[in-house]
1. Considering only residues of the range 19-52 that are touching a residue at least 40 places away in the same chain (Cβ under 8 Å) and in contact with a strand residue (DSSP E or B) (Cβ under 9 Å, 6 or more places away or on another chain), which is farthest from LEU79 (Cα to Cα)?
2. Among the residues of the range 80-102, how many are farther than 15 Å from THR32 by Cβ and assigned to a helix (DSSP H, G or I)?
3. Collect the residues in the range 25-72 that are hydrophobic (A, V, I, L, M, F, W, C), loosely packed, with under 13 Cβ neighbours inside 10 Å and closer than 13 Å to ALA93 by Cα, keeping them in residue-number order.
4. What residue, of GLU23, GLU84, is among the acidic types (Asp, Glu) and either within 22 Å of PRO3 (Cα to Cα) or modelled with pLDDT of 95 or more (or both)?
5. Let me spell it out: the conditions are (1) in contact with a Ser or Thr (Cβ under 7 Å, 6 or more places away or on another chain); (2) modelled with pLDDT of 95 or more; (3) surrounded by fewer than 17 Cβ atoms within 10 Å (Cβ to Cβ), and ALA93 meets all of them except one. Which number is the exception?
6. In the range 31-46, which residues are over 9 Å from the mean Cα position of the chain (by Cα) and of a type outside the set (Gly, Ala, Ser)?
7. With the requirement that a residue be among the aliphatic types (A, V, I, L, M), under 15 Å from ALA81 (Cβ atoms) and in a strand (DSSP E or B), what does the range 19-56 give you?
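The values are calculated or read from the model by the stated rules, or taken from the named source; none is laboratory data. Model, not experiment: these values are computed from the prediction. Cβ placement follows ideal geometry from the backbone for every residue including glycine, while neighbour counts extend to all protein chains displayed.
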Amino acid sequence: MPPQRLGNLLNPKEIEGLEQILERTREIGRLTAALSDSLGGTLGTSIVSAALDRDGVLVIKTSSSAWAARLRFEEARLLAAANEAGVAAERVAVRVSRPGRD
């Protein structure tokens, strides 16, 4: 979806734009939960969010570089969990989420 003005998205005539945003948010929440559950423990709770980008890359955000390093070692498990959740990812990219910047 190309960038749009917020006022246009909230306009009742353009409600499908808002619905698309809500559905994308739900998808991100479901995927994040599925990946967190698959890892379990503190490693699972280190995942801030997860989404599939347009290139088929599973982008996982975490809170620190230490967690990012640990999650990179779990690429095979993360891809398997994403696949089980119905997300066909080709590879994993782990990013550190910086509060206020993401």
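1. So the residue we want is VAL48.
2. So the answer is 2.
3. ALA69
4. Going through GLU23, GLU84 in turn, the sole match is GLU23.
5. Every listed condition holds for ALA93 apart from (1).
6. LEU35, ASP37, LEU39, THR42, LEU43, THR45
7. Correct list: ILE47, ALA50, ALA51, LEU52.
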